[in-house]
Each structure stands twice: as C-alpha cells, then as structure tokens.
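A quick write-up on the structure given underneath.
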Amino acid sequence: MSAPPETRQSYAVRVSRPALRWKVELLAADASDELPVLERALGDPGAEGWPPPFVVVVDSRLYFVVLRHGPGGMVRALISDATMLEWVLAAEVVERYGIGVDTEGVFDDDDEAGWPGGDLDVLADDGLPADELRPIVTADDLWADEMVQRIAERLGFADELAAAVAL
C-alpha cells in the first residue's frame, strides 16, 4: 500500500459542479494571491448556474477562506479564524467583507485561539448548512487544511481536492 500523496500547506482552488460532477482547479500553489484575483476566479455571477462555484484558500494551514457569489452577485465570505489579522489575505477578507473581530480574550491559558467569521451558510446550497459547518471550523484539533478536507469529504469532492493540491 502506498502512502497518500503529500499536499500543499497553502493553496487556492476553485470548486465548481458543472453537469453535477465536482471539478477542483488549482489557482495558486500558495495563498499569496490578492483578494481581487480570487474574486475574479469566481467568474461572472450566475454564469454557471446554481449553486455557483466557490474559491477556497488555505493559508499556511492556519486558516482558510471561502468566497462565493450570492444573490445579486455580491460576494459572500467565510474565514475560519477571523483573528489572523497579521496575515495579509485574512486582514483583507475581514476588512472588505466587514467581518467583525473581537480580539478581547482570544488568546487564553488553554492556547485556544480564534473563531470563524463571516457567512457560515456559504456552503448551505451544496448541503452543508451553518449548524453542520460550525463544528468543523471550530474544532481546535484540526489544522485549516484538515478542516477543508472534512468539508470536501462531507460535500463529496475530497478526491478531486486531493488530486488538485497534491505536490
């Protein structure tokens, strides 16, 4: 039995479901892309039907971001840890989408840090509503890439994701 392929610690992918089959495309081998580049990767609102494609960015295994068009073409955003403001992309997401961050008491003696911010229903149209997504993004024993893997398993695109982010 061979070992599973090693995956990147940072990446950006575009996830879509043309003809009811999942498609995962690697956008960047790291998470250094600027937010406007990631927003453009969503494509034109409504061009690919419903539910629309989404972009997932994992940055250094510390946090992830999901972007997706919502009704009227506005961009919906979720960040797995809204306290990662020292990271450029995280700060841009929090600022652009008005995600509230309360840093008071975030780092306590138990080394628990951060919480998700933004639209926890961003994947509801694919079958992962906020009440089912919340336990994944608040699990303190998972790295961001592991959270994304759990989401991919739950939605059914884990194999496509693994192939796209394999080194």
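Of everything listed in (1) without any contact (Cβ under 8 Å) to a residue 60 or more places away in the chain; (2) part of a loop (DSSP other than H, G, I, E, B); (3) surrounded by 13 or more Cβ atoms within 10 Å (Cβ to Cβ), the single unmet condition for ALA90 is (2). Scan the range 55-70 for residues that are touching a helix residue (DSSP H, G or I) at 6+ places or on another chain (Cβ under 8 Å) and at negative phi and the total you get is 10. For the range 117-132, the set of residues classified as in a loop (DSSP other than H, G, I, E, B) and within 22 Å of GLY98 (Cα to Cα) consists of ASP119, LEU120, ASP121, VAL122, LEU123, PRO129, listed by residue number.
Of all the numbered requirements in (1) on the phi < 0 side of the Ramachandran plot; (2) modelled with pLDDT under 95; (3) not small (Gly, Ala, Ser), LEU123 misses one, and that requirement is (2). Residue count for the range 32-44 satisfying the condition of being modelled with pLDDT of 85 or more and part of a loop (DSSP other than H, G, I, E, B): 4. Within the range 49-68, residues that are under 15 Å from GLN149 (Cβ atoms) reach partners that are basic (Lys, Arg) with beta carbons closer than 9 Å, at six or more positions or on different chains, in the pairs VAL56/ARG14; VAL58/ARG8; VAL66/ARG76.
The values are calculated or read from the model by the stated rules, or taken from the named source; none is laboratory data. As the structure is a computational prediction, the values presented were derived from the model and not from experiment. Virtual Cβ from ideal backbone geometry, glycine too; neighbours counted across all protein chains shown.
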